[in-house]
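These notes are about the structure you will find just below.
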């Protein structure tokens, strides 16, 4: 697979099919991207699972945290990696030991490990690298347009609510 570009149907299909997401590298620091993404994805209806050995036994935004993927309650549909590219290989190995296997390995912005992606894909797992599911949801739904960012997605939905008699 070409990991430099992902089609909208590929990303949309993943985001619509997964129900549970294990966020590896979750932080309890509200200034960290993983903290913000956790809250956003939970509000979108995903069953979130935190994975961070430092936070094991605690919760972040009401989401329980576990020391590793093996101890996290399954099944896990998607593993969202908020760790370095070097750490991604070990996380993929840990994911490949799960039963059932996750359907998706998602590496966050700035995280790309082609060898780990190849290994996951060889096991039948879809892979996304160097992308953020929160941003992709916002882009595909047009939500991100509310922030003044061009999503590249055409929509007939009005930019603001239209009240009767105010046209």
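Looking only at residues in the range 120-135 that are without any contact (Cβ under 8 Å) to a residue 40 or more places away in the chain and either on the phi > 0 side of the Ramachandran plot or part of a helix (DSSP H, G or I) (or both), which one is surrounded by the most Cβ atoms within 10 Å (Cβ to Cβ)? It comes out as 120.
Residue check: residue 165 meets all listed conditions (1) modelled with pLDDT of 85 or more; (2) loosely packed, with under 14 Cβ neighbours inside 10 Å but one, namely (1).
Answer with yes or no whether residue 75 is assigned to a loop (DSSP other than H, G, I, E, B), under 13 Å from the mean Cα position of the chain (by Cα) and in contact (Cβ under 8 Å) with a residue 40 or more places away in the chain.
Against the criterion (assigned to a loop (DSSP other than H, G, I, E, B), under 13 Å from the mean Cα position of the chain (by Cα) and in contact (Cβ under 8 Å) with a residue 40 or more places away in the chain), residue 75 does not qualify.
Taken over the range 43-72, residues that are closer than 9 Å to residue 26 by Cβ and either part of a helix (DSSP H, G or I) or modelled with pLDDT under 95 (or both) amount to 1. Here residue 82 passes the criteria (1) modelled with pLDDT of 95 or more; (2) more than 20 Å from residue 3 (Cα to Cα) except the one numbered (2). Scanning the range 29-47 for residues that are more than 22 Å from residue 88 (Cβ to Cβ) and touching a strand residue (DSSP E or B) at 6+ places or on another chain (Cβ under 6 Å) yields a count of 2. Looking only at the range 39-54, residues that are without any contact (Cβ under 8 Å) to a residue 60 or more places away in the chain and within 19 Å of the chain's Cα centre (by Cα) come to 11 in all. Find the residue count for the range 99-119, including only residues that are surrounded by 18 or more Cβ atoms within 10 Å (Cβ to Cβ), without any contact (Cβ under 8 Å) to a residue 60 or more places away in the chain and under 15 Å from the mean Cα position of the chain (by Cα). The number of residues fulfilling the criteria is 3.
So, of the residues in the range 78-97 that are outside any helix (DSSP H, G or I) and touching a strand residue (DSSP E or B) at 6+ places or on another chain (Cβ under 9 Å), which turns out to be farthest from residue 53 (Cα to Cα)?
78
Looking at the range 90-98, can you tell me whether even one residue there is over 17 Å from the mean Cα position of the chain (by Cα) and either modelled with pLDDT under 95 or at positive phi (or both)? No, the range 90-98 contains no residue that is over 17 Å from the mean Cα position of the chain (by Cα) and either modelled with pLDDT under 95 or at positive phi (or both).
The values are calculated or read from the model by the stated rules, or taken from the named source; none is laboratory data. Values in this document were obtained by computation on a predicted structure and should not be read as measured data. Please note: Cβ atoms are built from the backbone with ideal geometry, for glycine as well, and neighbour counts cover all protein chains shown.
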